[in-house]
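In what follows, a structure is listed as structure tokens, so that the remarks can point back to it.
The values are calculated or read from the model by the stated rules, or taken from the named source; none is laboratory data. Because the structure is a prediction, the values reported are computed rather than measured. Cβ coordinates were reconstructed from backbone atoms using ideal geometry, including for glycine residues, and neighbour counts include every protein chain displayed.
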Amino acid sequence: MPASAAWARPEELVESLSSLDNTARLKALRDVKNQIIGNKTKKLSYIKLGAVPRVVEILASDTEVPLLVQSAAAVGSFACGIEAGVKAVLDSGVLPHLLKMLSNGDNKVVEACARSLKMIFQSTLAPKSDMFQGHRMELIIELLNSENDSVAEVAASVLARCCETVDHQRALADAGGLQSLVGLLNGSLKTREAALDALAALTRGNKQLCSTLTCMDQGKSLAMIMKLVKDKSSRTRLLACTCLANIGKASPSSLHQEREIRAGMLSILVKLFDEPGQVGEEAPGVLADLVSNNEDLQKVAMDMNSIEKLAEFLRKDEISPKQLAGVLMALAELCSRFEDSRKQLLDLKNLRTGLTDELLVLPLLKLLSDSSSDIQALALSAVSNIVLDFKPHKAVVFRCGGVSQLIQLSQSMDPILRLNAVWALKNLLYMSDKTVKERVMGELTFNSLVDLIFDSEEKVREQAMALVRNLVYGDVDSVQLALVQDSVLLHAVEKQLHVSTQPEICIQGLYIVSNVAAGNEVHKEAVMDIVIPVTSVGVNRNTSLLMRYLQDMSNPQIRVVALWCVINLTFPNSPGVSSRISRLRDGGIEAQLQSMVDDPCLDVKDRAKTALEHFSAVEVHSR
């Protein structure tokens, strides 16, 4: 008789999960677990019958090792491969019980609970931020040092999935995670790859941690990762390249013989394109990250025929959204600066339709509506690149409704999507004409842009200010956009310049003011009212934004841009320059300029001298 014939009806098994008899509960657990393994229909059936809360109750209240092992295993089975299962176990409050059992004295219990956690954290529903509450993170990091390779591997996998923000990275590193993960690089294949995956998450976009990893153990840790780019395992090679790409992007000088190392990584990544499964799917995206903002590497990649290999993916009948996003990002990076690379792409033969601007842009716009926020974020990054330099690409974005998509995503609740969408809109406006700017603002609206200027996320605020900078740069019509709707944009910028403590935001705000000051007399006077306001008793130096930023010694770029504001306000041939200089002089600006000719920054010195020359020229002319 087959084993399945001995199983009781599902309803009876669920009831047995609450039996007072330990043997009956254990048998019910095993039977339920065996039935649902690899069977989504069975999982959904048992979820509807209320099996999950009873399984979790056993994990929470029992003390016998077989019951704990089987209940933890059942939880993992419910969570494996089906979102409804993950939701059911999380709704039953399983997370604190699994975490508690990680301290159990029995290795089998710890391993079963760790594996269930791994299943849960492979899902987008996983409560990743919850892992940073209390002592949970320290508990997971302790498991990295487990003598059981399987437990250490699971712990590293969970950390890789949890580490999503700078705060997460900092918390993990502060708890000793970086050192522990490096220690796993000498472990088994699975443990090594899980550790590399976690290190990639830790170093992504984090200059400080990249620097720490580079210097750790006198460079031995970095050397170990560099060695792994030539490992037999394709997954290991990919993850090692990902870590090194993160380090090189965040801190280029940290890689000795940088060009040779990265060129070798490029060769490895191009070969990984042909690997099946996850490795081949992720390799194009890693290559895109590696060559980002590096013209030298982009040329090397072109010489390796990487454009041709990437373009071959566009001929496939089926390609995963993630792989397509990576391919398009890589093509966008490789074609973002060199017309030769774009011609190489367009001249490729044996493509069914020819790679037109539409063929490059339309798939990206389609990905902006993907169900995965990760794919949307990648697509937004690629759109940002292609609209920066190529006017035909901008035209396709407008013609195919891409602007509306970008504006919609700029209002997303997801801060990463919001940031990338604003970034793309900023690049779209770069060096654009009046028609483009008016079309964008017609859909975005000035009030929505003001909301982005005061967004809860610092990086979104910075990019929103940069967007305004591009919007009001250029001719008088562009500058006038700062004054529409009762100068709503200019007032928002003024407020940020008063309240912001972030240098990057202040610099963008000063560039906006400088751009407006380069306009006509109305624009210059509007700026004067902001940077050096007049009260009933005259100019108050204590409230002068201009004086504040000219005296700011925290960042020379702040002083340079503040000086450009003065230069644009005092251009000798402008009609109202005499009265403005008189007001600036009353506000102590001329005296401040004189003190800046000995500034430690050469650019500041030069701009201060230019501004003083304007003061002198106007004084001579008025005599």
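Looking across S221, S233, one residue alone is among the polar types (S, T, N, Q), surrounded by fewer than 24 Cβ atoms within 10 Å (Cβ to Cβ), under 19 Å from S267 (Cβ atoms) and at pLDDT 90 or above. It is S233. Inside the stretch 503-526, can you point out the residues that are touching a Lys or Arg at 6+ places or on another chain (Cβ under 8 Å), of a type outside the set (F, W, Y) and within 25 Å of M553 (Cβ to Cβ)? I505, Q508, I512, N515, A517 - these are the residues of the stretch 503-526 that are touching a Lys or Arg at 6+ places or on another chain (Cβ under 8 Å), of a type outside the set (F, W, Y) and within 25 Å of M553 (Cβ to Cβ). Scanning the stretch 74-110 for residues that are aliphatic (A, V, I, L, M) and part of a loop (DSSP other than H, G, I, E, B), we see that the one that is surrounded by the most Cβ atoms within 10 Å (Cβ to Cβ) is L102. Only one of (1) in a helix (DSSP H, G or I); (2) at pLDDT below 90 fails for G509. Which number is that? Among (1) in a helix (DSSP H, G or I); (2) at pLDDT below 90, the lone unmet condition for G509 is (2). Among the numbered conditions (1) crowded, with 20+ Cβ neighbours inside 10 Å; (2) without any contact (Cβ under 8 Å) to a residue 24 or more places away in the chain, the only one that S582 does not meet is (1).
For beta carbons closer than 7 Å, sequence separation of 6+ or different chains, a first residue in the stretch 208-223 that is without any contact (Cβ under 8 Å) to a residue 12 or more places away in the chain and a second that is surrounded by 14 or more Cβ atoms within 10 Å (Cβ to Cβ), there are no qualifying pairs. When D486, D455, D477 are screened for being without any contact (Cβ under 8 Å) to a residue 12 or more places away in the chain, surrounded by fewer than 21 Cβ atoms within 10 Å (Cβ to Cβ) and over 23 Å from N555 (Cα atoms), only D486 passes. Of the residues making up the stretch 486-494, one or more are acidic (D, E) and closer than 18 Å to V531 by Cβ. In the condition set (1) within 21 Å of S146 (Cβ to Cβ); (2) in contact with a Gly (Cβ under 9 Å, 6 or more places away or on another chain); (3) assigned to a loop (DSSP other than H, G, I, E, B), I120 is compliant with all but (3). A count restricted to the stretch 399-414 and to residues that are within 17 Å of V361 (Cα to Cα), in contact (Cβ under 8 Å) with a residue 24 or more places away in the chain and surrounded by fewer than 17 Cβ atoms within 10 Å (Cβ to Cβ) stands at 3. Counting only residues that are under 14 Å from K394 (Cβ atoms) and in a loop (DSSP other than H, G, I, E, B), the stretch 412-465 holds 4 of them. Pairing residues of the stretch 374-389 that are closer than 10 Å to A325 by Cα and modelled with pLDDT of 80 or more with residues that are of a type in the set (S, T, N, Q) and not in a helix (DSSP H, G or I), at Cβ distances under 8 Å and at least 6 apart in sequence or on separate chains, gives Q376/S369. Take S554 and tell me if it is outside any loop (DSSP other than H, G, I, E, B) and of a type in the set (S, T, Y). The answer is no for S554.
Please enumerate the residues belonging to the stretch 607-623 that are touching a Leu at 6+ places or on another chain (Cβ under 9 Å) and either surrounded by fewer than 18 Cβ atoms within 10 Å (Cβ to Cβ) or among the aliphatic types (A, V, I, L, M) (or both). Residues satisfying the conditions are A608, K609, T610, A611, L612. When L365, L345, L331 are checked against the criterion of being at pLDDT 75 or above, of a type outside the set (S, T, N, Q) and under 21 Å from L266 (Cβ atoms), L331 stands alone in meeting it.
Check whether at least one residue in the stretch 241-255 is without any contact (Cβ under 8 Å) to a residue 12 or more places away in the chain and more than 24 Å from the chain's Cα centre (by Cα), and report yes or no. No, that holds for no residue.
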